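Worksheet: the structure to be examined is printed underneath.
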Amino acid sequence: MAGSWDPNDLPRLTAGVYAVTSCETTQYNCIAWAATDILNWWEPVDGTMFGRPIFWPPGVPRNYSVAAYAAALATVGYVESGNGLLEPGWEKVALFAVETSPGVFEATHAARQLSGGTWTSKLGYLEDIIHMNVTDVCCPAYGTVVRFLKRVRTRPMCD
Amino acid sequence: MEQQSTQIARVPLTHISNVAIVQSGSEAETIVYANSAWYGEQAVVEKDWIEFSALVSAWKRETRLSSSLRNVFASAYYKSITTMDPDKVVPLIIRQLILEGSSPYHWFSALVALTNGNSPPPALGGNVRDISRWWIEWGRARYGRQLGPE
């Protein structure tokens with residue numbers, strides 16, 4: 001099934017490297033999906049999302065820095081990982097960022113590694129997808145991978 | 001161009017071809033005539049709907065991939081939409097919700113603001129489809145035929 005995005009927006013997502021795994025939803029976003037939370041939209045802003053408060057972990061800096069996003073994911077067990085290689089027993093997340101001004105990076109996207117080594121991403125308002133390589137979702141909107149995190153994999157292997 | 005029936009159609013831009021813009025008598029607004037695959041024949045399409053739809057398309061193109069509501073609502077296209085005359089833009093947004101069906105976009109904050117705080121009951125919680133249905137029913141009760149054919 002083809003995704004609903006404009007191919008020009010995600011030029012690396014060509015046929016054969018991805019599969020759509022959900023319908024469009026604004027119930028959760030990519031960072032929430034990386035944290036395996038499908039009930040909340042995670043973002044360091046005040047306000048509500050369809051009647052539900054926008055979620056940001058208590059005590060985590062409320063800004064869009066990569067460090068803040070890493071700290072947010074640390075609240076659900078993620079720690080620094082030197083790479084995105086598949087390690088049995090570990091669940092990894094890749095954080096993406098764009099350079100908004102020289103030397104200043106703003107977090108834009110998070111992708112979570114599945115037990116077989118492929119990756120899953122929630123594309124903003126759009127669908128969840130599985131993609132072969134973490135860099136398959138590199139694009140102008142998401143920028144590039146800037147950090148990897150990992151946590152002990154606790155969910156069944158068939159995720 | 002021979003004037004067709006004055007059926008007001010909520011036609012997505014993607015269904016419009018062969019657009020011709022003509023002045024309609026002494027009316028200040030221009031009526032756009034278009035061949036519509038949606039209806040299989042010429043239909044009158046409101047100029048406001050054309051302009052609104054163009055802004056919506058541009059807004060979505062700019063923000064659909066974003067996981068940041070800050071970026072979604074900071075869009076200049078969104079601001080153009082939400083600073084339109086509420087009496088004009090609210091029925092257009094309701095029409096858009098009807099078109100979006102089970103996948104409504106980020107319209108609900110704008111609707112609350114444009115309707116002076118009118119909002120769905122808290123009991124609906126975060127159910128996107130229920131909230132969308134509520135707004136559509138509210139819109140039909142308020143704007144009726146202005147929303148176009150069901």
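No lab work stands behind these numbers, since they all come straight from the coordinates. Only a predicted model underlies this, so the values are computations on that prediction, with no experimental measurement involved. Here the Cβ is made from the backbone with ideal geometry for all residues, glycine too, and neighbour counts use every protein chain on show.
Structure data summary
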{"read-out": "Among the candidates A:Leu86, A:Leu126, residue that is touching a Gly at 6+ places or on another chain (Cβ under 9 Å), assigned to a loop (DSSP other than H, G, I, E, B), in contact (Cβ under 8 Å) with a residue 60 or more places away in the chain and aliphatic (A, V, I, L, M)", "value": "A:Leu126"}
{"read-out": "Members of region A:139-159 that are surrounded by 19 or more Cβ atoms within 10 Å (Cβ to Cβ) and either in a loop (DSSP other than H, G, I, E, B) or of a type in the set (S, T, N, Q) (or both)", "value": "A:Ala141, A:Tyr142"}
{"read-out": "Those residues of region A:82-118 which are among the small types (Gly, Ala, Ser) and crowded, with 19+ Cβ neighbours inside 10 Å, in sequence order", "value": "A:Gly84, A:Ala94, A:Ala97, A:Ala107, A:Ala110, A:Ala111"}
{"read-out": "Whichever residue in region B:101-122 is under 18 Å from B:Glu51 (Cβ atoms) and assigned to a helix (DSSP H, G or I) and, among such residues, is nearest to the other protein chains (Cβ to nearest Cβ)", "value": "B:Ala110"}
{"read-out": "Unmet criterion (only one of (1) in contact (Cβ under 8 Å) with a residue 12 or more places away in the chain; (2) more than 18 Å from the chain's Cα centre (by Cα)) for A:Asn8", "value": "(1)"}
{"read-out": "Unique match (being more than 14 Å from chain A (Cβ to nearest Cβ), free of Cβ contacts under 8 Å to residues at least 40 places away in the same chain, under 12 Å from the mean Cα position of the chain (by Cα) and crowded, with 19+ Cβ neighbours inside 10 Å) among B:Ile81, B:Ile94", "value": "B:Ile81"}
{"read-out": "Region A:14-56: number of residues that are assigned to a loop (DSSP other than H, G, I, E, B) and away from every other protein chain (no Cβ under 11 Å)", "value": "11"}
